[in-house]
């Protein structure tokens, strides 16, 4: 797995190599994929190359340069959905310990298409996956300026069954010099990070006969060594497929019973043995799903635990949390959470159960032996919560809501908005949380309680379901719907958190 961590003062040579590589590559126009046999796609041919540098474009608005990084700054990439360590934790420092009254300074913003995927960052490159018109679109940008290096597009006809937007849900993954995306209709694509050239591509929905799930494809793949592991979820199997990440060839297939969930698979070690933990469960009637622990060398199922809401309209979307040979999984829809010991079997594998951490789609953060996360779902039934990881004891549960004063039509009115279905990450001693309506918070959370340090509203918009992303002292947040008050468009914003 690509885990790139460095101190700024020690990485001049790495940046020099990257800059040389960037100068050697070209800004490329969009290209399209064409259908092939057995669900595999072929590239439409080599792209036309033009000049070198990244470009400015109408959707980009640049505000100001970020503060410079100090020689003692520690910075990291954020190459996949849950961050460099697959746990929503970053080791970056120093970051702002308190925010100005209007919130952190905006460096740049880009108007986007539809989708719920978060950006990923490697070095000075940011990759963003969204849908523009009838095309799923992969944009590669300079992370500090938003300028575009390349764009890749292919057609999509997806329409959501429940009225949500029609863009990708699964986030991109950067591994070395390659980018992987899994589109909402199952288009699995490997691109060159430098140029955007297609390395290989196939459509999992066609190749494995997978019907459209509740909200389309939503599980982000995971890199494990030479493998790209995908929760495909075909009825009757395979549930999980491992592809050769360089060629797209199938290496192994696993599982026959459960369909795809929306959680990202997580790699871990149980009693010295490497395992891949895949939390499954999507559109089946009656609803089925649960946790699979797979041997990454061959796909053999070493552990299996059924865990799913009894409600038909439900899914498993919160990724497993692994620590000390134990695995925590949870789900909303009146389901709860459970800590498992995969070295045991059956009922003996259950360490404890809880109703105090029922995560919808956010993955809780484990810090110093305590789980912190958003308990519950829906606007009126969510709260920040803390559990003792060893015992399952609930330490506290705190609903969050605010009254925002907004001006519309020359009049001031009140908006009473809760935190709702939000997300959080941890960095430099504090939690950074973003709520369903766009509220951005800096929180101090310990086993004794939750304290708000700073709060701002970079935007007020519904369906802010995308988790914040932190890399090189910059925070990236996504507005997924038009602004409730100012009618601002969907966009990605880069905020300066450099201390």
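Residues in segment 347-372 that are in contact with a strand residue (DSSP E or B) (Cβ under 9 Å, 6 or more places away or on another chain) and either part of a strand (DSSP E or B) or over 24 Å from residue 450 (Cα atoms) (or both): 13 in all. All of (1) over 19 Å from residue 329 (Cα atoms); (2) over 22 Å from the mean Cα position of the chain (by Cα); (3) modelled with pLDDT of 95 or more hold for residue 284 with one exception: (3). Which of the residues belonging to segment 288-330 are touching a strand residue (DSSP E or B) at 6+ places or on another chain (Cβ under 9 Å), part of a loop (DSSP other than H, G, I, E, B) and within 20 Å of residue 465 (Cβ to Cβ)? Within segment 288-330, 309, 313, 314, 315, 316, 317, 318, 319, 320 meet the criteria.
If I ask for residues that are more than 13 Å from residue 80 (Cα to Cα) and either without any contact (Cβ under 8 Å) to a residue 24 or more places away in the chain or surrounded by 24 or more Cβ atoms within 10 Å (Cβ to Cβ) (or both), which ones from segment 113-122 would you list? Selection gives 115, 116. In segment 228-244, of all residues being in a loop (DSSP other than H, G, I, E, B) and in contact (Cβ under 8 Å) with a residue 24 or more places away in the chain, the one that is farthest from residue 265 (Cα to Cα) corresponds to 235. Here residue 268 meets the list (1) assigned to a strand (DSSP E or B); (2) farther than 22 Å from residue 371 by Cα almost entirely, failing just condition (2).
Every residue in segment 427-450 that is surrounded by fewer than 23 Cβ atoms within 10 Å (Cβ to Cβ), on the phi > 0 side of the Ramachandran plot and in contact with a strand residue (DSSP E or B) (Cβ under 7 Å, 6 or more places away or on another chain), please. Within segment 427-450, 428, 449 meet the criteria.
Scanning segment 182-213 for residues that are within 20 Å of the chain's Cα centre (by Cα) and part of a strand (DSSP E or B) turns up 182, 187, 188, 189, 190, 191. Every condition in (1) more than 25 Å from residue 469 (Cα to Cα); (2) surrounded by fewer than 23 Cβ atoms within 10 Å (Cβ to Cβ) holds for residue 233 except the one numbered (2). The single condition among (1) touching a helix residue (DSSP H, G or I) at 6+ places or on another chain (Cβ under 9 Å); (2) over 25 Å from residue 125 (Cα atoms) that residue 187 does not meet is (2). Among the residues of segment 401-421, those identified as touching a residue at least 40 places away in the same chain (Cβ under 8 Å), buried (at least 20 other Cβ atoms within 10 Å of the Cβ) and touching a strand residue (DSSP E or B) at 6+ places or on another chain (Cβ under 8 Å) are 417, 419, 421.
Applying the set (1) within 14 Å of residue 435 (Cα to Cα); (2) crowded, with 16+ Cβ neighbours inside 10 Å to residue 381 leaves exactly one unmet item: (2). Of the candidates 371, 366, 424, the single residue that is buried (at least 17 other Cβ atoms within 10 Å of the Cβ), over 20 Å from residue 435 (Cβ atoms) and within 22 Å of the chain's Cα centre (by Cα) is 366. May I ask you to verify whether residue 472 is more than 21 Å from residue 59 (Cα to Cα) and touching a helix residue (DSSP H, G or I) at 6+ places or on another chain (Cβ under 9 Å)? Spelling it out, residue 472 is indeed more than 21 Å from residue 59 (Cα to Cα) and touching a helix residue (DSSP H, G or I) at 6+ places or on another chain (Cβ under 9 Å).
Any residue in segment 331-345 that is farther than 23 Å from residue 289 by Cβ and assigned to a strand (DSSP E or B)? No, the conditions are met nowhere in segment 331-345. Taken over segment 106-150, the residue count meeting the criterion of being assigned to a strand (DSSP E or B) and either under 20 Å from the mean Cα position of the chain (by Cα) or at pLDDT below 95 (or both) is 22.
If the condition is being in a strand (DSSP E or B) and more than 18 Å from residue 132 (Cβ to Cβ), then segment 159-181 contributes 173, 174, 175, 178, 180.
The values are calculated or read from the model by the stated rules, or taken from the named source; none is laboratory data. In this text, all values refer to a predicted model and were calculated from it rather than measured experimentally. Counting neighbours? That spans all protein chains shown, and the Cβs are built from the backbone with ideal geometry, glycine included.
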